[in-house]
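Undergrad: I'd like to ask some things about the structure below.
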Amino acid sequence: MVRIGILGATGYTAQELIQILLRHPHAEIVALTSRAEDHPHVTEVHPQLTGRLDLQFEQLDTPKLAERCDCVFSCLPHAASASIVKQVVDTGTRVVDFSADYRLGDVATYTQWYGNEHPDPDRVGHVPYGMPELFRADIATAALVANPGCNPTGPILALTPLLQHQIVEPTRIVVDAKCGVSGAGRNPKLVTHFPECNESVTAYNVGHHRHTPEFNHVLGTVSRQAVQVGFVPHLVPMDRGILTAIYLTPTKQVSQDEVLSLLRQHYADEPFIRVVEHLPATKHVTHTNYVDITVRMMEDQMVVLTAIDNLVKGASGAAVQNFNVMFGFDETTALLPA
Ligand SMILES: NC(=O)c1ccc[n+]([C@@H]2O[C@H](COP(=O)([O-])OP(=O)(O)OC[C@H]3O[C@@H](n4cnc5c(N)ncnc54)[C@H](OP(=O)(O)O)[C@@H]3O)[C@@H](O)[C@H]2O)c1
């Protein structure tokens, strides 16, 4: 059994992670952390776990936690995460970090977009991006893995083969995303308050969303060219899910069938990528680790559509997929629907 600790375990991604790990035959959750001083029982915070997990939240004591765990999942916000993750990794315990702290290639870009000094600058640029479909070998041996952001997940997977085969312009990409409210986390905010977001759809952070440099860095790395993504996220009144429409300019004449067959060939052995003929919908992937992808041609424009569940393939499902790769388990363990 691999002994698991979860940091920031009161939040939404942790709630999903616990439910997935409870189905995992080789994982045992031994510690859940929270800043709460009264050490609530897990079922007080996550009532859906009643009868399934008997643990109390504990305040973080990093050396003790690392001693008791073989793998730690950090579900903390950026900056708070790296300041603890660096101490855990230094003990030799392996970590999957959900935050953005280790996803980018250099500290200057991180500081520019996140606005804080990086708590662990020496590791930035040396941590594999936690997308096994693209970086499996690096993840398998890593002490620390940077779990991807929810918004970049579908588009990075869909765009990688198209950019590698140079069939779309790398600097004329627009990603339009429709995101469920759980993407903003469990901590209440005015924009996610029910009367503010229900029966309404609004764009947010247009041109300055923090996932922008992640798209550019990862897609630039896998296709070895400068990539520039314009990212337009929208908040939609649903609990979970992300649908993206990606507007592209083809570099040559190419048919819808040719693009679909390129995607199918590229991902033929990937258990969680489904290249589909129909138009994807968040409902088709909800509570699963699947990414649905399709393509449509419109005159001289190409539109690629993707759908994921932000809390599964966009966070906790991807984290367990990474965990499976790191510890040598079948990659689909605990992740396929019944
Ligand atoms: N939500 C998504 O769809 C999604 C997808 C991909 C990645 N992520 C990333 O995953 C991480 C967790 O996201 P989430 O949606 O689960 O967030 P969340 O629901 O807000 O939970 C985060 C938890 O971290 C703890 N926390 C908050 N601020 C802290 C601080 N300054 N120091 C220490 N602990 C703190 C809180 O627990 P206590 O108050 O109990 O201490 C909180 O419950 C974030 O880095 C997020 O960017 C989220």
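Undergrad: In nm, give the distance between the simple-model label positions of Arg23 and Leu260, each being 7 Å from the Cα along the Cα-to-Cβ direction.
TA: Distance between the two pseudo-spin positions: 2.8 nm.
Undergrad: Further question: If Lys and Arg each add +1 and Asp and Glu each add -1, what is the summed charge of the other residues whose beta carbon sits under 14 Å from the beta carbon of Asn147?
TA: Taking every other residue near Asn147 into account, the sum is -3.
Undergrad: Now a separate question. Work through the residues other than Thr10 whose Cβ is under 9 Å from its Cβ and net out their charges, Lys, Arg +1 and Asp, Glu -1.
TA: Spelling it out: positives minus negatives among the neighbours equals +2.
Undergrad: Among residues other than Tyr290 whose Cβ falls under 9 Å from its Cβ, what is the net charge (Lys/Arg +1, Asp/Glu -1)?
TA: Within the 9 Å Cβ shell, the charges total 0.
Undergrad: Then there's this: Return a whole-number percent for the relative contact order of the stretch 96-237, with Cα pairs under 8 Å and 6 or more residues apart as the contact set.
TA: It rounds to 27 percent for the stretch 96-237.
Undergrad: Can I ask one more? Would you mind checking the tilt of helix 150-164 against the longest principal axis of the Cα atoms of the chain, expressed as 0 to 90 degrees and rounded to 10?
TA: So the helix axis and the longest Cα principal axis differ by about 40 degrees.
Undergrad: Need the full-extension length gain, Thr249 to Ala80, defined as separation in residues times 0.36 nm minus the C-alpha distance. One decimal, nm.
TA: Extra length from Thr249 to Ala80 when fully extended: 56.9 nm.
Undergrad: I've got another one for you. Quick one: dipole size for the stretch 83-214, taken about the Cα centre, charges +1 on Lys/Arg Cβ and -1 on Asp/Glu Cβ, in debye to the nearest 20.
TA: Dipole magnitude for the stretch 83-214 comes out near 200 debye.
Undergrad: What does the charge dipole of the chain about its Cα centre add up to, to the nearest 20 debye, if the Cβ of each Lys and Arg holds +1 and the Cβ of each Asp and Glu holds -1?
TA: Taking the Cα centre of the chain as origin, the dipole is about 200 debye.
Undergrad: Would you mind working out the magnitude of the charge dipole of the stretch 2-127 relative to its Cα centre, with +1 at each Lys and Arg C-beta and -1 at each Asp and Glu C-beta, to the nearest 20 Debye?
TA: The dipole of the stretch 2-127 has a size of about 320 debye.
Undergrad: Kindly provide the helix-only [θ] at 222 nm of the chain, computed as the sum of -39,500 (n - 2.57) over DSSP H runs of four or more divided by all residues, to the nearest 500 deg cm²/dmol?
TA: Theoretical 222 nm ellipticity from helices: -9000 deg cm²/dmol.
Undergrad: So for the stretch 151-310, taking the charge dipole from beta-carbon charges (+1 Lys/Arg, -1 Asp/Glu), which of Phe272, Pro237, Leu190 sits furthest toward the positive end?
TA: Working it through, the farthest residue towards the positive pole turns out to be Leu190.
Undergrad: While we're looking at this one, here's another question. Run the numbers for Glu44 and Asn198: contour at 0.36 nm per residue of separation, minus the present Cα-Cα distance, in nm.
TA: Length difference between fully extended and current span is 52.8 nm.
Undergrad: How would the stretch 216-323 be classified by its alpha-carbon gyration tensor: rounded, prolate or oblate, with rounded meaning a/c under 1.5 and the a/b versus b/c comparison settling the rest?
TA: Verdict is rounded for the stretch 216-323.
Undergrad: Here's another thing I want to ask about it. May I ask you to work out the translational diffusion coefficient for the chain at 25 °C, viscosity 0.890 mPa s, via Stokes-Einstein with Rh from the Kirkwood sum over Cα pairs, reported in whole µm²/s?
TA: Translational D for this selection: 121 µm²/s.
Undergrad: Quick one: work out the % antiparallel among DSSP beta bridges in the chain, nearest 5.
TA: Around 45 percent antiparallel, to the nearest 5.
Undergrad: Hey, can you rank 61-73, 190-202 by average C-beta count inside 10 Å, highest first?
TA: Going by the mean number of other Cβ atoms within 10 Å, highest first, we get 61-73, 190-202.
Undergrad: Could you point to the residue in Ala334, Ala9, Gly180 farthest towards the positive end of the chain's charge dipole, with +1 and -1 charges on the Cβ of Lys/Arg and Asp/Glu respectively?
TA: Toward the positive end, the furthest listed residue is Gly180.
Undergrad: Between Asn187 and His208, what FRET efficiency comes out of the Förster formula 1/(1 + (r/R0)^6) with R0 = 22 Å and r the beta carbon distance, rounded to 0.05?
TA: Efficiency at R0 = 22 Å is approximately 0.55.
Undergrad: I want to make sure I understand the PRE zone here: with the label point 7 angstrom from the Cα of Ala36 toward its beta carbon, which residues in the stretch 1-30 have backbone N atoms less than 17 Å away?
TA: Inside the label zone: 6-19, 30.
Undergrad: What is the angle, in °, between the Cα long axis of helix 256-266 and the longest principal axis of the Cα atoms in the chain? Nearest 10 is fine, range 0 to 90.
TA: Here the helix axis deviates by roughly 40 degrees.
Undergrad: For an R0 of 35 angstrom, estimate the FRET efficiency from the Cβ-Cβ distance between Lys64 and Thr332 and round to the nearest 0.05.
TA: Using R0 = 35 Å, I get an efficiency of 0.60.
Undergrad: Can you compute the FRET efficiency between Thr171 and Arg224 using 1/(1 + (r/R0)^6), with r the Cβ-Cβ distance and R0 = 22 Å? Round to the nearest 0.05.
TA: The computed FRET efficiency comes out at 0.95.
Each value in this text was obtained by applying a stated rule to the coordinates, not by laboratory testing. None of these values were measured; they are calculated from a predicted model. Ideal geometry is used to build each Cβ from the backbone, glycine not excepted, and the neighbour counts take in all protein chains shown.
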